[in-house]
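The values are calculated or read from the model by the stated rules, or taken from the named source; none is laboratory data. For clarity, every value in this text was computed on a predicted model and none was experimentally measured. Backbone-built Cβ (ideal geometry, glycine too); neighbour counts: all protein chains shown. Heads up: the accessible areas ignore ligands, DNA and RNA and are worked out on the full protein's heavy atoms, side chains in. Shrake-Rupley method; radii C 1.70, N 1.55, O 1.52, S 1.80 Å.
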Amino acid sequence: MTHASPSTSSVATATPPAPSLIRTAGIPYFLIAFIARLPFAMMVVGVLTVVVSARGSLSLGGLTSAAVGLGTACFGPLLGAAADRFGQRFVLLALAIANGAMLVVFTLVVYGEAADLLVLVAAFGIGATAPQVAPMSRSRLVTMITERMPESVRPRTLSGTMAYESAADETVFVFGPFLVGILASVIAPWAPLIGAALLTVVFVGGFALHPSARSVSIHRGDDGRAPSSASELFHPRLLVVVLGILGVGMFFGTMLTSLTSFMADRGAAEEAGLLYGVMGVGSALLALGVAWLPARFTLRARWLVFSAILLGGTLLLLLVDAPATMMVALAIMGVGIGPTLVTQYSLGAARSPLGRSATVMTMLGSAVVVGQSIGAAVAGELAENVGTGAALALPIAAAGVAFAAALVNWRLSATAPRVASV
(Lines give C-alpha, C1' and ligand atoms only; values in the text may rest on other atoms or scores of the structure.)
Protein backbone atom coordinates (compact mmCIF):
# COMPACT_ATOMS: atom_id res chain seq x y z
CA MET A 1 0.00 0.00 0.00
CA THR A 2 1.47 3.30 -1.02
CA HIS A 3 1.11 6.47 0.93
CA ALA A 4 1.20 10.01 -0.45
CA SER A 5 3.95 12.08 1.04
CA PRO A 6 2.91 14.98 3.29
CA SER A 7 4.05 17.49 0.69
CA THR A 8 2.04 15.79 -2.05
CA SER A 9 -1.04 15.63 0.17
CA SER A 10 -0.82 19.28 1.15
CA VAL A 11 -0.47 20.34 -2.46
CA ALA A 12 -3.46 18.24 -3.48
CA THR A 13 -5.74 19.66 -0.80
CA ALA A 14 -4.51 23.25 -0.74
CA THR A 15 -6.95 25.91 -1.89
CA PRO A 16 -5.54 27.92 -4.78
CA PRO A 17 -4.90 31.55 -3.86
CA ALA A 18 -7.41 34.14 -4.99
CA PRO A 19 -6.29 35.85 -8.20
CA SER A 20 -4.91 39.35 -7.72
CA LEU A 21 -6.25 42.27 -9.71
CA ILE A 22 -2.79 42.88 -11.20
CA ARG A 23 -2.78 39.33 -12.58
CA THR A 24 -6.38 39.60 -13.75
CA ALA A 25 -5.90 42.89 -15.61
CA GLY A 26 -2.21 42.51 -16.51
CA ILE A 27 0.65 44.95 -15.86
CA PRO A 28 0.49 46.44 -19.42
CA TYR A 29 -3.07 47.53 -18.67
CA PHE A 30 -1.98 49.73 -15.77
CA LEU A 31 0.91 51.27 -17.75
CA ILE A 32 -1.28 52.14 -20.73
CA ALA A 33 -4.14 53.43 -18.56
CA PHE A 34 -1.75 55.67 -16.61
CA ILE A 35 -0.15 57.34 -19.64
CA ALA A 36 -3.53 57.64 -21.38
CA ARG A 37 -4.67 59.95 -18.54
CA LEU A 38 -1.98 62.54 -19.25
CA PRO A 39 -3.72 64.34 -22.17
CA PHE A 40 -6.81 64.91 -20.02
CA ALA A 41 -4.65 66.46 -17.27
CA MET A 42 -2.86 68.67 -19.81
CA MET A 43 -5.95 70.05 -21.57
CA VAL A 44 -7.22 72.72 -19.15
CA VAL A 45 -3.78 74.17 -18.38
CA GLY A 46 -2.64 73.77 -22.00
CA VAL A 47 -5.67 75.65 -23.30
CA LEU A 48 -5.13 78.43 -20.76
CA THR A 49 -1.44 78.71 -21.69
CA VAL A 50 -1.92 78.91 -25.44
CA VAL A 51 -4.83 81.38 -25.25
CA VAL A 52 -2.95 83.77 -22.94
CA SER A 53 0.10 83.55 -25.21
CA ALA A 54 -1.67 83.90 -28.56
CA ARG A 55 -4.50 86.27 -27.61
CA GLY A 56 -2.89 88.12 -24.67
CA SER A 57 -5.98 87.85 -22.48
CA LEU A 58 -6.03 86.10 -19.10
CA SER A 59 -9.78 86.65 -18.93
CA LEU A 60 -10.35 84.88 -22.27
CA GLY A 61 -8.01 82.13 -21.12
CA GLY A 62 -10.10 81.54 -18.02
CA LEU A 63 -13.33 81.48 -20.02
CA THR A 64 -11.79 79.07 -22.50
CA SER A 65 -10.75 76.70 -19.70
CA ALA A 66 -14.30 76.87 -18.35
CA ALA A 67 -15.62 76.03 -21.83
CA VAL A 68 -13.54 72.83 -21.79
CA GLY A 69 -15.14 71.91 -18.48
CA LEU A 70 -18.61 72.72 -19.78
CA GLY A 71 -18.10 70.42 -22.76
CA THR A 72 -17.04 67.63 -20.43
CA ALA A 73 -20.04 68.24 -18.16
CA CYS A 74 -22.50 68.06 -21.05
CA PHE A 75 -21.10 64.99 -22.81
CA GLY A 76 -19.02 63.03 -20.26
CA PRO A 77 -21.91 61.13 -18.64
CA LEU A 78 -23.50 60.50 -22.06
CA LEU A 79 -20.24 58.94 -23.26
CA GLY A 80 -20.18 56.80 -20.11
CA ALA A 81 -23.74 55.66 -20.82
CA ALA A 82 -22.73 54.76 -24.38
CA ALA A 83 -19.79 52.74 -23.05
CA ASP A 84 -22.11 50.89 -20.66
CA ARG A 85 -24.48 50.09 -23.53
CA PHE A 86 -22.09 49.20 -26.35
CA GLY A 87 -18.77 48.56 -24.60
CA GLN A 88 -15.81 50.92 -24.25
CA ARG A 89 -13.82 49.93 -27.34
CA PHE A 90 -15.90 51.66 -30.03
CA VAL A 91 -16.58 54.73 -27.88
CA LEU A 92 -12.93 55.28 -26.91
CA LEU A 93 -11.55 54.70 -30.41
CA ALA A 94 -13.94 57.32 -31.79
CA LEU A 95 -13.02 59.75 -29.01
CA ALA A 96 -9.26 59.23 -29.45
CA ILE A 97 -9.52 60.34 -33.08
CA ALA A 98 -12.07 63.12 -32.48
CA ASN A 99 -10.27 64.63 -29.49
CA GLY A 100 -6.86 64.50 -31.15
CA ALA A 101 -8.34 66.35 -34.12
CA MET A 102 -10.08 68.93 -31.89
CA LEU A 103 -6.83 69.75 -30.09
CA VAL A 104 -5.15 70.49 -33.42
CA VAL A 105 -8.16 72.48 -34.69
CA PHE A 106 -8.25 74.54 -31.49
CA THR A 107 -4.56 75.41 -31.85
CA LEU A 108 -5.11 76.59 -35.42
CA VAL A 109 -8.17 78.64 -34.41
CA VAL A 110 -6.37 80.36 -31.54
CA TYR A 111 -3.42 81.41 -33.70
CA GLY A 112 -5.68 82.44 -36.58
CA GLU A 113 -7.90 85.47 -37.03
CA ALA A 114 -11.06 83.78 -35.76
CA ALA A 115 -13.35 85.60 -33.33
CA ASP A 116 -13.14 84.84 -29.62
CA LEU A 117 -16.52 83.09 -29.80
CA LEU A 118 -15.08 80.51 -32.19
CA VAL A 119 -12.21 79.93 -29.75
CA LEU A 120 -14.75 79.16 -27.03
CA VAL A 121 -16.68 76.82 -29.34
CA ALA A 122 -13.50 74.94 -30.21
CA ALA A 123 -12.64 74.66 -26.50
CA PHE A 124 -16.12 73.27 -25.84
CA GLY A 125 -15.41 70.68 -28.54
CA ILE A 126 -12.23 69.61 -26.74
CA GLY A 127 -14.18 69.00 -23.54
CA ALA A 128 -17.06 67.28 -25.34
CA THR A 129 -14.74 64.76 -27.02
CA ALA A 130 -12.38 64.29 -24.06
CA PRO A 131 -11.72 60.56 -23.52
CA GLN A 132 -12.70 59.80 -19.93
CA VAL A 133 -9.86 57.35 -19.34
CA ALA A 134 -9.82 57.52 -15.53
CA PRO A 135 -13.57 56.87 -15.08
CA MET A 136 -13.50 54.17 -17.77
CA SER A 137 -10.54 52.51 -16.04
CA ARG A 138 -12.35 52.55 -12.70
CA SER A 139 -15.41 51.02 -14.35
CA ARG A 140 -13.36 48.22 -15.95
CA LEU A 141 -11.53 47.39 -12.74
CA VAL A 142 -14.72 47.44 -10.65
CA THR A 143 -16.29 45.05 -13.18
CA MET A 144 -13.28 42.73 -12.94
CA ILE A 145 -13.46 42.75 -9.14
CA THR A 146 -17.20 42.15 -8.87
CA GLU A 147 -17.46 39.57 -11.65
CA ARG A 148 -14.15 37.67 -11.60
CA MET A 149 -12.88 37.73 -8.00
CA PRO A 150 -14.10 35.81 -4.92
CA GLU A 151 -16.56 37.72 -2.77
CA SER A 152 -14.31 37.38 0.29
CA VAL A 153 -11.58 39.59 -1.21
CA ARG A 154 -13.77 42.10 -3.01
CA PRO A 155 -14.12 44.83 -0.32
CA ARG A 156 -10.37 45.22 0.34
CA THR A 157 -9.52 44.86 -3.36
CA LEU A 158 -12.09 47.50 -4.27
CA SER A 159 -10.74 49.88 -1.62
CA GLY A 160 -7.17 49.31 -2.79
CA THR A 161 -8.19 49.84 -6.41
CA MET A 162 -9.93 53.13 -5.72
CA ALA A 163 -6.87 54.18 -3.70
CA TYR A 164 -4.54 53.36 -6.60
CA GLU A 165 -6.77 55.08 -9.16
CA SER A 166 -7.01 58.25 -7.09
CA ALA A 167 -3.26 58.25 -6.48
CA ALA A 168 -2.74 57.88 -10.23
CA ASP A 169 -5.07 60.82 -10.84
CA GLU A 170 -3.24 62.92 -8.26
CA THR A 171 0.12 62.09 -9.86
CA VAL A 172 -1.12 62.90 -13.34
CA PHE A 173 -2.79 66.15 -12.31
CA VAL A 174 0.46 67.30 -10.72
CA PHE A 175 2.71 66.06 -13.52
CA GLY A 176 0.37 67.19 -16.34
CA PRO A 177 0.69 70.95 -15.68
CA PHE A 178 4.43 70.47 -15.11
CA LEU A 179 4.73 68.82 -18.54
CA VAL A 180 2.72 71.66 -20.08
CA GLY A 181 5.15 74.18 -18.60
CA ILE A 182 8.19 72.27 -19.89
CA LEU A 183 6.87 71.91 -23.45
CA ALA A 184 5.61 75.50 -23.58
CA SER A 185 8.91 76.97 -22.38
CA VAL A 186 11.27 74.69 -24.31
CA ILE A 187 9.38 74.51 -27.63
CA ALA A 188 6.40 76.89 -27.90
CA PRO A 189 3.03 77.59 -26.20
CA TRP A 190 1.25 75.41 -28.78
CA ALA A 191 3.47 72.39 -28.10
CA PRO A 192 1.50 71.05 -25.08
CA LEU A 193 -1.71 70.77 -27.09
CA ILE A 194 -0.03 69.07 -30.04
CA GLY A 195 1.74 66.74 -27.60
CA ALA A 196 -1.60 65.99 -25.93
CA ALA A 197 -3.11 65.22 -29.34
CA LEU A 198 -0.37 62.69 -30.11
CA LEU A 199 -0.65 61.06 -26.68
CA THR A 200 -4.42 60.84 -27.11
CA VAL A 201 -4.28 59.07 -30.45
CA VAL A 202 -1.53 56.64 -29.40
CA PHE A 203 -2.29 55.81 -25.78
CA VAL A 204 -6.05 56.35 -25.59
CA GLY A 205 -6.18 54.27 -28.76
CA GLY A 206 -4.09 51.61 -27.02
CA PHE A 207 -6.38 51.76 -23.99
CA ALA A 208 -9.36 51.25 -26.28
CA LEU A 209 -7.74 48.25 -27.98
CA HIS A 210 -6.83 46.49 -24.72
CA PRO A 211 -8.78 43.20 -24.41
CA SER A 212 -10.56 44.44 -21.27
CA ALA A 213 -12.40 47.03 -23.40
CA ARG A 214 -14.43 44.33 -25.13
CA SER A 215 -16.34 43.24 -22.07
CA VAL A 216 -19.80 44.53 -21.22
CA SER A 217 -21.20 44.06 -17.72
CA ILE A 218 -22.91 40.70 -17.13
CA HIS A 219 -25.80 42.69 -15.71
CA ARG A 220 -26.58 43.95 -19.22
CA GLY A 221 -29.07 42.01 -21.35
CA ASP A 222 -28.46 40.71 -24.86
CA ASP A 223 -29.82 43.98 -26.25
CA GLY A 224 -27.38 46.00 -24.12
CA ARG A 225 -30.04 47.31 -21.76
CA ALA A 226 -29.38 47.63 -18.03
CA PRO A 227 -31.69 46.03 -15.46
CA SER A 228 -31.69 49.29 -13.49
CA SER A 229 -33.65 52.40 -14.38
CA ALA A 230 -31.87 55.57 -15.51
CA SER A 231 -33.78 57.38 -12.76
CA GLU A 232 -31.60 55.56 -10.21
CA LEU A 233 -28.71 57.77 -11.35
CA PHE A 234 -30.52 60.67 -9.68
CA HIS A 235 -30.92 59.03 -6.27
CA PRO A 236 -29.94 61.47 -3.48
CA ARG A 237 -27.32 59.04 -2.11
CA LEU A 238 -25.51 59.14 -5.46
CA LEU A 239 -26.06 62.83 -6.21
CA VAL A 240 -24.53 63.82 -2.87
CA VAL A 241 -21.32 62.05 -3.95
CA VAL A 242 -21.36 64.00 -7.23
CA LEU A 243 -21.78 67.23 -5.26
CA GLY A 244 -18.93 66.33 -2.93
CA ILE A 245 -16.55 65.46 -5.74
CA LEU A 246 -17.52 68.70 -7.53
CA GLY A 247 -16.27 70.49 -4.41
CA VAL A 248 -12.97 68.61 -4.67
CA GLY A 249 -12.62 69.67 -8.31
CA MET A 250 -13.35 73.29 -7.35
CA PHE A 251 -10.67 73.00 -4.69
CA PHE A 252 -8.08 71.82 -7.23
CA GLY A 253 -8.86 74.69 -9.62
CA THR A 254 -9.05 77.46 -7.03
CA MET A 255 -6.03 76.30 -5.05
CA LEU A 256 -3.62 76.12 -7.99
CA THR A 257 -4.77 79.45 -9.42
CA SER A 258 -4.73 81.35 -6.12
CA LEU A 259 -1.37 79.78 -5.24
CA THR A 260 0.03 81.01 -8.54
CA SER A 261 -1.22 84.52 -7.72
CA PHE A 262 0.26 84.25 -4.20
CA MET A 263 3.70 83.36 -5.57
CA ALA A 264 3.44 85.94 -8.38
CA ASP A 265 3.03 88.65 -5.73
CA ARG A 266 6.42 87.55 -4.45
CA GLY A 267 8.03 87.52 -7.89
CA ALA A 268 8.24 83.71 -8.09
CA ALA A 269 5.15 82.57 -10.01
CA GLU A 270 7.14 79.76 -11.61
CA GLU A 271 7.62 78.17 -8.17
CA ALA A 272 3.88 77.70 -7.63
CA GLY A 273 4.02 74.24 -9.19
CA LEU A 274 6.74 73.16 -6.77
CA LEU A 275 4.70 74.22 -3.74
CA TYR A 276 1.59 72.61 -5.21
CA GLY A 277 3.60 69.41 -5.50
CA VAL A 278 3.97 69.32 -1.70
CA MET A 279 0.21 68.85 -1.47
CA GLY A 280 0.05 66.53 -4.48
CA VAL A 281 2.73 64.11 -3.30
CA GLY A 282 1.32 63.92 0.22
CA SER A 283 -2.18 63.50 -1.16
CA ALA A 284 -1.13 60.62 -3.44
CA LEU A 285 0.68 58.81 -0.60
CA LEU A 286 -2.26 59.18 1.78
CA ALA A 287 -4.65 58.07 -0.97
CA LEU A 288 -2.70 54.81 -1.31
CA GLY A 289 -2.80 54.37 2.45
CA VAL A 290 -6.60 54.37 2.54
CA ALA A 291 -6.61 50.71 1.45
CA TRP A 292 -5.07 49.76 4.82
CA LEU A 293 -7.64 51.53 6.99
CA PRO A 294 -9.77 49.15 9.10
CA ALA A 295 -13.23 48.22 7.80
CA ARG A 296 -14.85 49.58 10.98
CA PHE A 297 -13.69 53.05 9.85
CA THR A 298 -16.60 53.25 7.41
CA LEU A 299 -16.66 55.16 4.15
CA ARG A 300 -19.13 57.75 5.43
CA ALA A 301 -16.91 58.33 8.48
CA ARG A 302 -13.77 58.61 6.33
CA TRP A 303 -15.39 61.23 4.11
CA LEU A 304 -16.44 63.29 7.13
CA VAL A 305 -13.06 63.07 8.88
CA PHE A 306 -10.78 63.69 5.92
CA SER A 307 -12.91 66.48 4.42
CA ALA A 308 -12.80 68.15 7.85
CA ILE A 309 -8.98 67.94 7.74
CA LEU A 310 -9.06 69.48 4.26
CA LEU A 311 -11.30 72.30 5.44
CA GLY A 312 -9.05 72.92 8.43
CA GLY A 313 -6.03 73.15 6.17
CA THR A 314 -7.71 75.68 3.91
CA LEU A 315 -8.60 77.87 6.90
CA LEU A 316 -4.86 78.36 7.42
CA LEU A 317 -4.86 80.28 4.12
CA LEU A 318 -6.30 83.19 6.09
CA LEU A 319 -3.03 83.33 8.04
CA VAL A 320 -0.31 82.52 5.47
CA ASP A 321 2.15 85.32 4.81
CA ALA A 322 5.15 83.51 3.33
CA PRO A 323 5.96 80.46 1.17
CA ALA A 324 7.01 78.52 4.29
CA THR A 325 3.63 78.89 6.02
CA MET A 326 1.89 78.21 2.71
CA MET A 327 3.82 74.93 2.49
CA VAL A 328 2.57 73.90 5.94
CA ALA A 329 -1.02 74.64 4.94
CA LEU A 330 -0.64 72.68 1.69
CA ALA A 331 0.84 69.70 3.53
CA ILE A 332 -2.20 69.56 5.85
CA MET A 333 -4.56 69.86 2.87
CA GLY A 334 -2.74 66.93 1.25
CA VAL A 335 -3.60 64.76 4.25
CA GLY A 336 -7.28 65.46 3.66
CA ILE A 337 -7.74 65.70 -0.10
CA GLY A 338 -6.38 62.32 -1.26
CA PRO A 339 -8.39 60.11 1.15
CA THR A 340 -11.50 62.24 0.54
CA LEU A 341 -11.28 61.63 -3.21
CA VAL A 342 -10.69 57.88 -2.74
CA THR A 343 -13.68 57.62 -0.41
CA GLN A 344 -15.97 59.48 -2.80
CA TYR A 345 -15.07 57.19 -5.71
CA SER A 346 -15.53 54.14 -3.48
CA LEU A 347 -19.00 55.33 -2.50
CA GLY A 348 -19.80 56.02 -6.15
CA ALA A 349 -18.78 52.46 -7.08
CA ALA A 350 -20.81 50.98 -4.21
CA ARG A 351 -23.92 52.99 -5.14
CA SER A 352 -23.80 52.52 -8.93
CA PRO A 353 -27.06 51.11 -10.33
CA LEU A 354 -26.61 47.66 -11.90
CA GLY A 355 -25.06 47.84 -15.36
CA ARG A 356 -24.30 51.57 -15.15
CA SER A 357 -20.82 51.73 -13.58
CA ALA A 358 -19.19 53.59 -16.50
CA THR A 359 -21.99 56.16 -16.43
CA VAL A 360 -21.50 56.79 -12.71
CA MET A 361 -17.72 56.97 -12.96
CA THR A 362 -17.92 59.48 -15.82
CA MET A 363 -20.41 61.53 -13.80
CA LEU A 364 -17.86 61.70 -11.00
CA GLY A 365 -14.92 62.33 -13.35
CA SER A 366 -16.83 65.07 -15.16
CA ALA A 367 -17.68 66.71 -11.84
CA VAL A 368 -13.96 66.93 -10.99
CA VAL A 369 -13.11 68.55 -14.33
CA VAL A 370 -16.08 70.92 -14.22
CA GLY A 371 -15.18 72.00 -10.70
CA GLN A 372 -11.53 72.46 -11.65
CA SER A 373 -12.36 74.52 -14.74
CA ILE A 374 -14.92 76.77 -13.05
CA GLY A 375 -12.73 77.16 -9.98
CA ALA A 376 -9.69 78.16 -12.05
CA ALA A 377 -11.70 80.65 -14.11
CA VAL A 378 -13.34 82.34 -11.10
CA ALA A 379 -10.11 82.41 -9.09
CA GLY A 380 -8.24 83.93 -12.03
CA GLU A 381 -10.81 86.69 -12.44
CA LEU A 382 -10.85 87.41 -8.71
CA ALA A 383 -7.06 87.43 -8.38
CA GLU A 384 -6.67 89.79 -11.34
CA ASN A 385 -9.45 92.22 -10.46
CA VAL A 386 -9.66 92.09 -6.64
CA GLY A 387 -6.44 90.58 -5.35
CA THR A 388 -4.77 87.45 -4.06
CA GLY A 389 -6.45 87.64 -0.66
CA ALA A 390 -9.90 87.31 -2.22
CA ALA A 391 -8.76 84.45 -4.45
CA LEU A 392 -7.37 82.54 -1.44
CA ALA A 393 -10.85 82.52 0.11
CA LEU A 394 -12.15 80.35 -2.74
CA PRO A 395 -10.36 77.10 -1.74
CA ILE A 396 -12.00 77.49 1.68
CA ALA A 397 -15.42 77.71 0.04
CA ALA A 398 -14.64 74.69 -2.16
CA ALA A 399 -13.52 72.60 0.82
CA GLY A 400 -16.69 73.74 2.57
CA VAL A 401 -18.76 72.25 -0.25
CA ALA A 402 -16.98 68.89 0.11
CA PHE A 403 -17.46 68.92 3.90
CA ALA A 404 -21.12 69.97 3.71
CA ALA A 405 -21.77 67.12 1.27
CA ALA A 406 -20.09 64.76 3.75
CA LEU A 407 -22.50 65.91 6.46
CA VAL A 408 -25.48 65.30 4.16
CA ASN A 409 -24.07 61.91 3.19
CA TRP A 410 -23.71 60.99 6.87
CA ARG A 411 -27.41 61.66 7.35
CA LEU A 412 -28.46 59.84 4.16
CA SER A 413 -26.26 56.83 4.97
CA ALA A 414 -27.74 56.59 8.45
CA THR A 415 -31.27 56.30 7.07
CA ALA A 416 -30.37 53.93 4.20
CA PRO A 417 -29.98 50.14 4.47
CA ARG A 418 -26.58 49.38 5.98
CA VAL A 419 -23.87 48.07 3.64
CA ALA A 420 -20.51 47.00 5.03
CA SER A 421 -18.02 49.87 5.16
CA VAL A 422 -20.43 52.27 3.41
Checklist line | Extension gain, L318 back to R266 (0.36 nm per residue minus Cα-Cα distance, nm) | finding: 17.0 nm
Notebook entry, point to check: Taking the Cα centre of each part, how many Å lie between the range 162-183 and the range 339-406?
Noted result: 16 Å
Check: For the residue pair E113 and R23, what label-to-label distance in nm results when each label sits 7 Å from Cα along the Cα-to-beta-carbon direction?
Finding: 6.6 nm
Next item on the list: Enter the accessible area of L382 (Å², nearest 10), with the probe set to 1.4 Å and all protein chains included.
Entry: 50 Å²
Margin query: Take T325 and L354, extend 7 Å from each Cα along the Cα→Cβ direction, and tell me the distance between the two endpoints in nm.
Written below: 5.7 nm
Check: For the chain, which longest stretch is free of loop sites, where a loop site is one of the trypsin sites (Lys or Arg not before Pro) that DSSP puts outside H, G, I, E and B and that has at most 16 other Cβ atoms within 10 Å?
Finding: 1-224
Notebook entry, point to check: What angle do you read, to the nearest 10 degrees and between 0 and 90, between the alpha-carbon axis of helix 133-148 and the longest principal axis of the chain?
Noted result: 10 degrees
Checklist line | Shape parameters for the chain, alpha-carbon atoms, Rg then Dmax in Å | finding: 22.1, 93
Next item on the list: Have a look at T257, A114, G371 and report the one farthest towards the positive end of the charge dipole of the chain, computed about the Cα centre with Cβ charges (Lys/Arg +1, Asp/Glu -1).
Entry: G371
Margin query: Expected output is a single nm value to one decimal: the length gained when fully extending between E232 and L31, i.e. 0.36 nm times separation in residues minus the C-alpha distance. What is it?
Written below: 69.0 nm
Notebook entry, point to check: With every protein chain present, what is the per residue accessible area of the chain (1.4 Å probe, Å²)?
Noted result: 42 Å²
Next item on the list: Using +1 at the Cβ of each Lys and Arg and -1 at the Cβ of each Asp and Glu in the range 240-366, identify which of L347, P323, G247 lies farthest towards the dipole's positive end.
Entry: L347
Notebook entry, point to check: Considering only protein heavy atoms and a 1.4 Å probe, what is the carbon-and-sulfur percentage of the accessible area of the chain?
Noted result: 71 percent
Check: Quick one: Cα centre-to-centre distance for the range 230-248 and the range 79-119, in angstrom?
Finding: 26 Å
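Rank by packing, highest mean first: peptides 46-52, 336-342, with packing defined as the count of other Cβ atoms within 10 Å averaged across residues. Walk me through the intermediate numbers first.
On the way: 46-52: 26.1, 336-342: 30.7.
Sorting 46-52, 336-342 by mean packing, highest first, produces 336-342, 46-52.
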Checklist line | Dipole magnitude of the chain about its Cα centre (Cβ charges: Lys, Arg +1; Asp, Glu -1), debye to nearest 20 | finding: 1460 debye
